[in-house]
Amino acid sequence: MTAMREPAKAFPADAPNATRLNRMTDADKGRPTELDRKQARAILDRFRVTDGAGFKLKRFAADDPMPDVVDKAQAPDLLEQGVRRLSDLQELLYANASWSLLLVFQAMDAAGKDGTIKHVMSGVNPQGVSVTSFKAPGPEDLAHDFLWRINRALPARGMIGIFNRSHYEEVLVTRVHPDLLDKQHMPASLRGGGKFWDHRLQDIAGFERHLARQGTRVLKFFLNVSRNEQKKRFLSRLDHPDKNWKFEAADLVERAHWPAYMEAYEEAIATTATEAAPWYVVPADQKWFMRLVVVAAINAALDDLDLKPVEPSTQAMAAFADARRKLESES
């Protein structure tokens, strides 16, 4: 993950957004600088899926920036304040060390997972965040069940864990390319039958239910990029030498399987969306809006935990007082 700054310091209560206001133009003045509750609720209600009954991916447009709710001109300030709020909430999460938060990012190539993680987490203390990018499983991973390596990467209490791709690859890529199962050394009798993928999805849903019961909140983001927008981004990577490194010939191989991937995503979301581990089907064609949706969802989940500042114990207060006396007595 790209190196992140130390948590942003909150402005004094009597001078909100003082630094930013110094550089505001007359056109900027009067614009909201953070999402209000009504805006956030409208955005999250639009894209959150907590019950997969009747879920259809086609009902979620990849280009849906909700212009009636959010003005694009506000986006930089809205994201800045959302990140600032996330920084404050993450410090509470870390200090309480009871809950943990797992953020799962899934998407087709060029949807913007890396950039979203970078921008949304830019103000969060890196000590409280772990990022795992799941590549193709290695020999040790393949010698175990498909959730084994996932368990090893789960966030500790007080931490935010980010999965850049995740256990869902096992019902997406592996489903589109079932020959990959040959490498997993499963008994042949367990690979047959029409229920294999249903069982995997049920296992994932049960796994996430277990995490919720143990104090890990799970948020899952499908960054929903359109096929046409992916084409534009691939061409941009080819046109600009500084972006060539982002393009791989294998990307076109996966693009050719687009309908199969959409079918796999639809079933995965429909089967595993719950109140405890919701999916957000986030429109990804406009990156500025995608990032606002993600930060709003994370902040809402942390707000729901109703975390309070940790009060020092009587023993700790006595130790503080002793430390103060020693420091003040130094010559």
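The residues of region 130-163 that are surrounded by 13 or more Cβ atoms within 10 Å (Cβ to Cβ) and of a type in the set (D, E, K, R), listed by number, are Asp141, Asp145, Arg149, Arg157. Is it true that Val310 is within 26 Å of Thr216 (Cα to Cα), buried (at least 22 other Cβ atoms within 10 Å of the Cβ) and either in contact (Cβ under 8 Å) with a residue 60 or more places away in the chain or touching a Phe, Trp or Tyr at 6+ places or on another chain (Cβ under 7 Å) (or both)? So Val310 fails the test.
When Gln90, Gln74 are checked against the criterion of being at pLDDT below 95 and either closer than 28 Å to Arg157 by Cβ or surrounded by 15 or more Cβ atoms within 10 Å (Cβ to Cβ) (or both), Gln74 stands alone in meeting it. Go through (1) within 30 Å of Ala249 (Cβ to Cβ); (2) in a helix (DSSP H, G or I) for Ala111 and report which single condition fails. Condition not satisfied by Ala111: (2). What do you reckon, is Val225 modelled with pLDDT of 95 or more, in contact with a strand residue (DSSP E or B) (Cβ under 7 Å, 6 or more places away or on another chain) and either under 30 Å from Leu86 (Cα atoms) or not basic (Lys, Arg) (or both)? It is true that Val225 is modelled with pLDDT of 95 or more, in contact with a strand residue (DSSP E or B) (Cβ under 7 Å, 6 or more places away or on another chain) and either under 30 Å from Leu86 (Cα atoms) or not basic (Lys, Arg) (or both). Taken together, the criteria place Phe105 among residues that are within 14 Å of Met290 (Cβ to Cβ) and either within 16 Å of the chain's Cα centre (by Cα) or not in a helix (DSSP H, G or I) (or both).
Reported count of residues in region 131-186, each being under 18 Å from the mean Cα position of the chain (by Cα), aromatic (Phe, Trp, Tyr) and in a loop (DSSP other than H, G, I, E, B), is 1.
The values are calculated or read from the model by the stated rules, or taken from the named source; none is laboratory data. In this text the structure is predicted, and so the values were computed from the model without any measurement. Methodologically, a virtual Cβ is constructed for each residue, glycine included, from the backbone with ideal geometry; neighbour enumeration extends over all protein chains shown.
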